[in-house]
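Just below is one structure, and these are the notes that go with it.
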Amino acid sequence: MDSRIRNLARTMAVYCLDAKPKEVFALNGSSAAAPLMEALNEELLKRGAWPLIRMTPDGASEAVFFHGQDHHFDEVSPAEKAILKTLAGTAVIYSSRNTRALSNVDPALQGRIAKATRPLKDQLLKKKWTLTLFPTEAYAQDAEMSLRDFEDFVYGATFSDEDDPVKSWGELSKKQAKLISKLEGAKEVRIVGPDTDLTLSVAGRTFINSAGTHNMPSGEVFTGPVEHSAEGEIRYDFPVVNQGREIDGIRLVFRKGKVVEATATKNEDFLLKMLDMDPGARRLGELGIGTNFRIQRFIKNILFDEKIGGTIHLALGASYEETGGKNKSGLHWDMIKDLRKGGELIVDGKCIQKNGKFLKSWFA
C-alpha cells in the first residue's frame, strides 16, 4: 500500500478524530475508497476504537432520486437516527467514480433531502468528524490531471507526503492562530477585485482556526458575517460544482445582506432554484480566507478549492453556530473569489492581503 495512504489514515485517526478506546466511528465511502478505508479501519483498531464500515456501492445515491417516495425526500431513516446515538464520530471519504452522476436530478428533490437531513447533520457536527477525498479517475479528469499527478496533488495538500503530517498541520495551525489574533475585534471586511466590491460586517463574530482537524485538507480561517450587512457585488472567478452540475460566471448583488440579483453564464436556472430553497439561502453564512499555499490550482472540488492560498470564499446559506452566525438554511454553498490577480482583502480600512499575498505581519 502507498505509504501516503497510511499517513493520511493515521492523520485522520490521531489528529482529526482523536480516537479513544471503545469509541464508535462510522467510516462512510464508496468501494473506490477501499484502500483508505482499510488503512483507517486498521488505525482505529490499533487505538481500541470500534470502526463501523459503511461502504456504499456505485449508484446507490442515484437510486434514491429515481425510485424514492416522498418520505425518502422529506424524512430521515429511523436506522440513521438510531446509529447516530451510538457514534462518537464519523469519517466521510469522498470517492466518486462519476462526479456528474446527479446532473439530471431535479434540484427540488435535492433541496428537500438537504432540508430533511439538516438536523441530523447538525447533530453529527457536534460529535467528532472528519472528511477527505480519495483520488479517483473521475476527480482527476475534473482537475484535468492524470491520476498519478492528481494523487500527488491530494497527498501534497494533506501533507501526507511528509514524514510527520501531524507536525505540519500543527505549524499551520499556529500561523492561522496569529492571523485570528489580529482579526479579533474586527468590524468590517471589504473584498475588492475585478467586477467586485463587497463590504460586510463581522462585528462580534468569532473567527475559527480550521487546520485539518475536520476537513482534510484544510487551511482556512472562517467566520459568519452579520446576516443583514453585505452590500455590493461580487463576481466569482471559478465555476461552482454542486450536486453534479457546473455553474459558471456567477455574479451576485447584495443589499442589506440579501442577494437581490443573481446571474450566471452557465446553469443560471439551477443557481436561482437553489437560492429560492428557503429564506436563508439568499444570505451569507460564511466568510473564509484560504491559507493552504500548497494548493495553488483549481480542481473543481470545493474541499480543496476553498483552501487555495490567496483566495476567499463566501457561502450562501447556513452559518456555523461557533462563529456566532445565526443564518438558518438547508443550503451551504461555497463560492470562491480569487484575489491573486488584482484583488485586495481590507479589514477596517487596512489592506491585509494584496494579489493573494498577506502582509508578513499578518501571516508568517
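The values are calculated or read from the model by the stated rules, or taken from the named source; none is laboratory data. The model shown is predicted, which means the values in this text are computed figures rather than measured ones. Cβ coordinates were reconstructed from backbone atoms using ideal geometry, including for glycine residues, and neighbour counts include every protein chain displayed.
Out of all the residues in segment 29-37, is one or more surrounded by 14 or more Cβ atoms within 10 Å (Cβ to Cβ) and more than 26 Å from I302 (Cβ to Cβ)?
No: segment 29-37 contains no residue that is surrounded by 14 or more Cβ atoms within 10 Å (Cβ to Cβ) and more than 26 Å from I302 (Cβ to Cβ).
Looking at segment 202-220, is at least one residue in contact (Cβ under 8 Å) with a residue 12 or more places away in the chain, surrounded by fewer than 18 Cβ atoms within 10 Å (Cβ to Cβ), under 27 Å from S173 (Cα atoms) and of a type in the set (G, A, S)?
Within segment 202-220, one or more residues are in contact (Cβ under 8 Å) with a residue 12 or more places away in the chain, surrounded by fewer than 18 Cβ atoms within 10 Å (Cβ to Cβ), under 27 Å from S173 (Cα atoms) and of a type in the set (G, A, S).
Within segment 198-208, can one find any residue that is within 24 Å of A91 (Cα to Cα) and either in a helix (DSSP H, G or I) or touching a helix residue (DSSP H, G or I) at 6+ places or on another chain (Cβ under 7 Å) (or both)?
Scanning segment 198-208, I find at least one residue that is within 24 Å of A91 (Cα to Cα) and either in a helix (DSSP H, G or I) or touching a helix residue (DSSP H, G or I) at 6+ places or on another chain (Cβ under 7 Å) (or both), so the answer is yes.
List the residue pairs whose Cβ atoms are under 6 Å apart, where the first residue sits in segment 73-86 and is over 18 Å from I113 (Cβ atoms), the second is not charged (D, E, K, R), and the two are 6 or more positions apart or on different chains.
As it stands, the answer is T86/V24, since those pairs meet every condition given.
Give me a count of the residues in segment 151-198 that are in contact (Cβ under 8 Å) with a residue 24 or more places away in the chain, under 21 Å from T311 (Cβ atoms) and out of contact with any strand residue (DSSP E or B) (no Cβ under 9 Å at 6 or more places or on another chain).
The qualifying residues number 6.
Taking only segment 269-282 into account, find how many residues are surrounded by fewer than 18 Cβ atoms within 10 Å (Cβ to Cβ) and within 15 Å of N104 (Cα to Cα).
Looking only at that region, the number is 2.
Being in a strand (DSSP E or B) and either of a type in the set (A, V, I, L, M, F, W, C) or not assigned by TED's automatic domain parsing to the domain that holds R190 (or both) is the filter here, so list the residues in segment 294-327 that pass it.
Hits for segment 294-327 are I308, I312, L314, A315, L316.
Please count how many residues of segment 329-342 are buried (at least 16 other Cβ atoms within 10 Å of the Cβ), of a type outside the set (S, T, N, Q) and in a loop (DSSP other than H, G, I, E, B).
Total meeting the criteria: 4.
From the list F159, F150, F238, which one is outside any strand (DSSP E or B), hydrophobic (A, V, I, L, M, F, W, C) and at positive phi?
Answer to the check: F159.
Can you pull out every residue in segment 43-62 that is over 26 Å from I113 (Cβ atoms) and either touching a strand residue (DSSP E or B) at 6+ places or on another chain (Cβ under 7 Å) or surrounded by 15 or more Cβ atoms within 10 Å (Cβ to Cβ) (or both)?
E43, L44, L45, R47, A49, W50, P51
Answer with yes or no whether R255 is among the basic types (K, R), more than 17 Å from the chain's Cα centre (by Cα) and in the same structural domain as K307 (by TED's automatic domain parsing).
It is true that R255 is among the basic types (K, R), more than 17 Å from the chain's Cα centre (by Cα) and in the same structural domain as K307 (by TED's automatic domain parsing).
Answer yes or no as to whether I250 is of a type in the set (A, V, I, L, M), under 27 Å from Q176 (Cβ atoms) and either crowded, with 22+ Cβ neighbours inside 10 Å or in contact (Cβ under 8 Å) with a residue 24 or more places away in the chain (or both).
For I250, the condition - of a type in the set (A, V, I, L, M), under 27 Å from Q176 (Cβ atoms) and either crowded, with 22+ Cβ neighbours inside 10 Å or in contact (Cβ under 8 Å) with a residue 24 or more places away in the chain (or both) - is not met.
Among residues belonging to segment 109-141 that are assigned to a helix (DSSP H, G or I) and either in contact with a Gly (Cβ under 6 Å, 6 or more places away or on another chain) or not assigned by TED's automatic domain parsing to the domain that holds V92 (or both), point out the one that is surrounded by the fewest Cβ atoms within 10 Å (Cβ to Cβ).
Ranking the qualifying residues of segment 109-141, first place goes to K115.
Being assigned to a loop (DSSP other than H, G, I, E, B) and closer than 26 Å to N301 by Cβ: is that true of S103 here?
Against the criterion (assigned to a loop (DSSP other than H, G, I, E, B) and closer than 26 Å to N301 by Cβ), S103 qualifies.
So L345 fits all but one of (1) buried (at least 22 other Cβ atoms within 10 Å of the Cβ); (2) over 19 Å from the mean Cα position of the chain (by Cα); (3) farther than 18 Å from F207 by Cα; what number is the exception?
(3)
Give me the pairs, please: first residue somewhere in segment 99-118 and under 22 Å from L133 (Cα atoms) and touching a residue at least 24 places away in the same chain (Cβ under 8 Å), second residue anywhere and surrounded by 17 or more Cβ atoms within 10 Å (Cβ to Cβ) and of a type in the set (K, R), beta-carbon distance under 6 Å, and either six or more positions apart or on two chains.
S103/R245
Restricting the search to segment 5-26, which residues are within 23 Å of F153 (Cα to Cα), surrounded by fewer than 24 Cβ atoms within 10 Å (Cβ to Cβ) and in contact with a Leu (Cβ under 7 Å, 6 or more places away or on another chain)?
Hit for segment 5-26 is I5, nothing else.
If you go through segment 45-73, how many residues are assigned to a helix (DSSP H, G or I) and either under 24 Å from the mean Cα position of the chain (by Cα) or not assigned by TED's automatic domain parsing to the domain that holds L102 (or both)?
Number of matching residues: 6.
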